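Asker: First the structure, which I've put down as structure tokens, then a few questions once you've had a look.
The values are calculated or read from the model by the stated rules, or taken from the named source; none is laboratory data. As the structure is a computational prediction, the values presented were derived from the model and not from experiment. Cβ coordinates were reconstructed from backbone atoms using ideal geometry, including for glycine residues, and neighbour counts include every protein chain displayed.
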């Protein structure tokens, strides 16, 4: 697969089908990007599982943290790699030991490891590199446009009003 560009349909399908996301490198520090992503994805209804050995057994944004992927007590649909590009290969190798295997390996912004991607894809796992699921979700559902950012998504659909505060959904 060409990992230089992803079709919106590919990203949308991943975000629509995933129910549980393990964030490897999740931080309890509220000013860290991994904390923002964790909290945002929780708010969208995903089962987000923080993975951080220094925070194991504690909660981050209300979600119990595990030391390693192997310690997680339930199946994981997606592994979100919040580690540097060199560490991504080790994370993917750990993910390939899970049973069942995750459906997606997602490497965060500025994280790209082609060897790790090739390894995962050889096992039938979808891969996304150098992207953020929070940004992609917000872009595809229209939320990012509220901040004045060009999303490259044009829609004539009127947003569906929901109870409580207004928010968009990927399924608009």
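Asker: Considering only segment 1-31, state which residues are in contact with a helix residue (DSSP H, G or I) (Cβ under 7 Å, 6 or more places away or on another chain) and part of a loop (DSSP other than H, G, I, E, B).
Answerer: The first filter runs over segment 1-31 and keeps only residues in contact with a helix residue (DSSP H, G or I) (Cβ under 7 Å, 6 or more places away or on another chain), leaving 1, 3, 8, 11-12, 15, 21-29.
Matches in segment 1-31: 1, 3, 25, 26, 27, 28, 29.
Asker: Could you pull out every one of the strands (runs of 3 or more DSSP E) wholly within segment 32-127 that has 2 or more residues that are touching a helix residue (DSSP H, G or I) at 6+ places or on another chain (Cβ under 9 Å), surrounded by fewer than 20 Cβ atoms within 10 Å (Cβ to Cβ) and modelled with pLDDT of 95 or more?
Answerer: Details: elements: 47-51, 78-81, 104-107.
Strands (runs of 3 or more DSSP E) meeting the threshold: none at all.
Asker: Continuing with the same structure: Residue 164 - would you say it is at positive phi, modelled with pLDDT under 95 and outside any helix (DSSP H, G or I)?
Answerer: On the way: at positive phi: yes; modelled with pLDDT under 95: yes; outside any helix (DSSP H, G or I): yes.
Considered against the rule, which asks whether it is at positive phi, modelled with pLDDT under 95 and outside any helix (DSSP H, G or I), residue 164 comes out as yes.
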